[in-house]
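Presented below is the structure to which this report refers.
The values are calculated or read from the model by the stated rules, or taken from the named source; none is laboratory data. Worth saying up front: this structure is predicted, and the values here are computed from it rather than measured. We place every Cβ from the backbone using ideal geometry, glycine too, and count neighbours over all the protein chains shown.
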């Protein structure tokens, strides 16, 4: 018997539209009966491949101004709290390394939502070890041990591997969703990606 | 008594996501009781302001590959025919000048849908005078007279004026919708723009 198709969520803590998806996707996928696969990756190296030294929302001021207004409206649409961070885009290497380490762990979803809230609601420096530790509090037995494991060379390479895979698969922004080879870019396509996964499910599973 | 808020549709015949909106917007606005204001503008000068010599879908091949697949899916979602044009982005200065001339004319909507179909379904050179004339056929008494009027200096300046206004209002892509000062970028935001206009209508008109 075939497995149901899974939904891959490629995201970055520093990406504002990733916030809108990461806060919702675990619940939406669960309700739809679609297995969720977390795929944390770094957006910076992907942007640098295009010759961009920052986010397009910084490089194109008109687009940036629009994006912040759009974020207010979109967050309200999904009933998510939102406050424009005082720093954008925020460095997120440390929490991204924890996400790479924990991608298949049961605490991954809640950890990601906490880091996202720190960035997009609390305006915290999400790359600061004490904030990352706070996001792990109560989810793992020993947050400091997780931080240490996240910073090993092996785990740094794991996050780099995710980023290389993102590039190889043609990812150019975040969030991006995959259902098999079918790619969906942006929070605006999350529902389409879920619907696609639903249609791909073997009939015996529906 | 206040007028109901209008919905401005800023678009380009060469813009693929404009196709998805231009084919639908007149009917959606009419059904919602929202006055529609057509705002044709040239995207090329806006992109050149960013230092781009072509569409981002050409300059970023990964994004371009994704966009063509997304267009197939989106056109299917809206039940619109779609064929990837053999030339992208297509020059559209002549039909855009006709659109600038006819922006407030009753034939504007159907003319725009015909030019869009020529580009995104028939794969015609939409800048060729005979194709522009064909798109006017049956809508105006004398298509050749409209083509001549579209090419006067006054009308060239009218299109340039729309483009300057687009830049001044912070437009960075197409389609873009405005309801008063509220801006919505992309076909994905058309329903939100319509809903916004509906909420802004004076209660006496609802």
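Couple of notes before you dig in:
- The lone criterion from (1) more than 14 Å from chain B (Cβ to nearest Cβ); (2) surrounded by fewer than 21 Cβ atoms within 10 Å (Cβ to Cβ); (3) over 30 Å from residue B:189 (Cβ atoms) left unmet by residue A:136 is number (2).
- Considering residues of the range A:44-70 that are outside any helix (DSSP H, G or I) and either more than 11 Å from chain B (Cβ to nearest Cβ) or within 19 Å of the chain's Cα centre (by Cα) (or both) only, the residue surrounded by the most Cβ atoms within 10 Å (Cβ to Cβ): A:55
- Filter result for residue B:170 (in a helix (DSSP H, G or I) and farther than 26 Å from residue B:85 by Cβ): no
- Candidates B:193, B:148 - the one that is without any contact (Cβ under 8 Å) to a residue 40 or more places away in the chain, in a helix (DSSP H, G or I) and more than 14 Å from the chain's Cα centre (by Cα): B:148
- Being within 26 Å of residue B:156 (Cα to Cα) and in a helix (DSSP H, G or I) is true of residue B:17.
- Counted residues, the range A:73-131 - those being within 14 Å of chain B (Cβ to nearest Cβ), touching a helix residue (DSSP H, G or I) at 6+ places or on another chain (Cβ under 9 Å) and either within 19 Å of residue A:155 (Cα to Cα) or assigned to a helix (DSSP H, G or I) (or both): 4
- Count - residues of the range B:183-197 that are closer than 16 Å to residue B:38 by Cα, touching a helix residue (DSSP H, G or I) at 6+ places or on another chain (Cβ under 7 Å) and within 12 Å of chain A (Cβ to nearest Cβ): 6
- Residue B:167 vs. criteria within 14 Å of another protein chain (Cβ to nearest Cβ), surrounded by fewer than 17 Cβ atoms within 10 Å (Cβ to Cβ) and at pLDDT below 95: no
- Identity of the residue in the range B:172-182, over 13 Å from the mean Cα position of the chain (by Cα) and within 16 Å of residue A:64 (Cα to Cα), that ends up nearest to the other protein chains (Cβ to nearest Cβ): B:172
- Within the span defined as the range B:8-25, every residue fails to be on the phi > 0 side of the Ramachandran plot and surrounded by fewer than 22 Cβ atoms within 10 Å (Cβ to Cβ).
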